[in-house]
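Here's the structure, in structure tokens; my notes come after.
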Amino acid sequence: MTPGTRMDHRLHMPGLALAAMLAAAIAGCGKSPVTSQAAANADCLQAGTPEAAVTLVIDALRNDALETIPCRAVPPAMQDKLEIAWREDRSRWPLAELPLSSKLPAVLAALNGPAAETKLRLAFDRQFAGQTTELQSAARGLGLFAVRYIQKESTYQPDQRAHYANLIVALSDWSSHAPLGDRTLGHQAVSLLVAGANASSIHDDAGLRAAGMRGSLRGLTPLYRNAKQALALYGLSLDDVLSSVQVSPKDRSGDHARVHVHYLVHDEPVDSDVAVERRDGHWYLSGMLADAEQA
């Protein structure tokens, strides 16, 4: 099979990566401190409370306002540095929060290649069509492996291990019942992904570099929106997951706090404690802030 026709799980089940982004950026919101329309249209909203720090990021994901994430996730002084680092190929934050983010250029190339929809449909038919039982079994096995890996991985904090393990169990439960090998749904998902990629202004790594951080997030929004629709075909609405998130205070000491996050994935509850911290009078997600500083 040629690279142009390669169909793997990151194309067949894009929602797994999107759901992992939810885990990486999870911040939870019960009720937003701003209206949904304001969250979609505003630019640099900054959180005045620990709860708002996580709410604003979730609002950006729910409202397809990807380009506002840097404004909401890091202090203003850091944003220009991240923009420069992006254009110099030293950073791909916040896309780096996604698993397999290094594969994004290859995915964009496959979705934008000549006759991409036809090739990817044929690849789906050869590899996945009619294989729902086998794919569901593979999903369960991958879920078990991932949970064991996370439980042993020393780089994760105990709260992170518990959160990621619960999320993976919920996703495994969904994928083990989803019609993953359905030919009609597979073709519809491919059509959505190709259409989203074509509507996006970013088609390769050179496009990411030229557009910069904010421009790339804005340019990739059509693909993100269509990927969510493709995931919904298989019975998992990321917007429903995002809308289900509730946040409550956990503890606070000076400029550091934790909030408790609760949300539903395929009707399965997932809970996590999220660290936030205050910089220059505003609150930010500690995890995203640390990753941004490293970038």
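The values are calculated or read from the model by the stated rules, or taken from the named source; none is laboratory data. It should be emphasised that the depicted structure is a prediction, and the values quoted were computed from it without experimental measurement. As a convention, Cβ positions derive from the backbone with ideal geometry for all residues, glycine included, and neighbour counts pool all protein chains shown. To get the accessible areas, we keep the full protein, side chains included, count just its heavy atoms, and leave off ligands, DNA and RNA. Shrake-Rupley method; radii C 1.70, N 1.55, O 1.52, S 1.80 Å.
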Dipole check, region 131-174, charges on Cβ (K,R +1; D,E -1), about Cα centroid: among I150, T133, I168 the Cα furthest to the positive pole belongs to I150
Calculated from DSSP helices alone, with each H run of at least 4 adding -39500 (n - 2.57) and the total divided by the residues of the chain, [θ]222 nm to the nearest 500 comes to -18000 deg cm²/dmol
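Rounded to the nearest 0.05, what FRET efficiency do A109 and L142 have when you use their Cβ-Cβ distance and R0 = 30 Å?
Rounded to the nearest 0.05, the efficiency is 0.75.
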Within region 269-295, the residues whose backbone N lies under 15 Å from a label point placed 7 Å from the Cα of Y156 along the Cα-to-Cβ direction are 270-274
Connecting every pair of Cα atoms under 10 Å apart in the chain and solving the GNM, the largest mean-square fluctuation among E153, E134, E277 falls on E153
Note: A206 to E134 extended length (0.36 nm per residue) minus current alpha-carbon separation gives 22.2 nm
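At 1.4 Å probe size, with the rest of the protein present, what percent of the exposed accessible area of the chain is carbon and sulfur atoms?
53
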Karplus ³J(HN,Hα) for region 181-194 (6.51 cos²θ - 1.76 cosθ + 1.60, θ = phi - 60°; Hz, whole; x = Gly/Pro) runs x, 5, 5, 4, 5, x, 5, 5, 5, 4, 4, 5, 5, 5
Options (i) 22.0; (ii) 23.6; (iii) 14.5 for mean projected area of the Cα convex hull in nm²; the value derived from the coordinates is listed as (iii)
For region 100-113, in residue order, the Karplus 3J(HN,Hα) values (coefficients 6.51, -1.76, 1.60; θ = phi - 60°; whole Hz; Gly and Pro = x) are 6, 4, 5, 8, 4, x, 5, 5, 4, 5, 5, 6, 9, x
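Relative contact order (percent) for the chain, with alpha-carbon contacts under 8 angstrom and 6 or more residues of separation?
That works out to 27 percent.
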Probe 1.4 Å, heavy atoms of protein chains only: per residue, the accessible area of the chain in Å² is 45
Once Lys and Arg are counted +1 and Asp and Glu -1 for all other residues with Cβ under 13 Å from that of K228, the total becomes -1
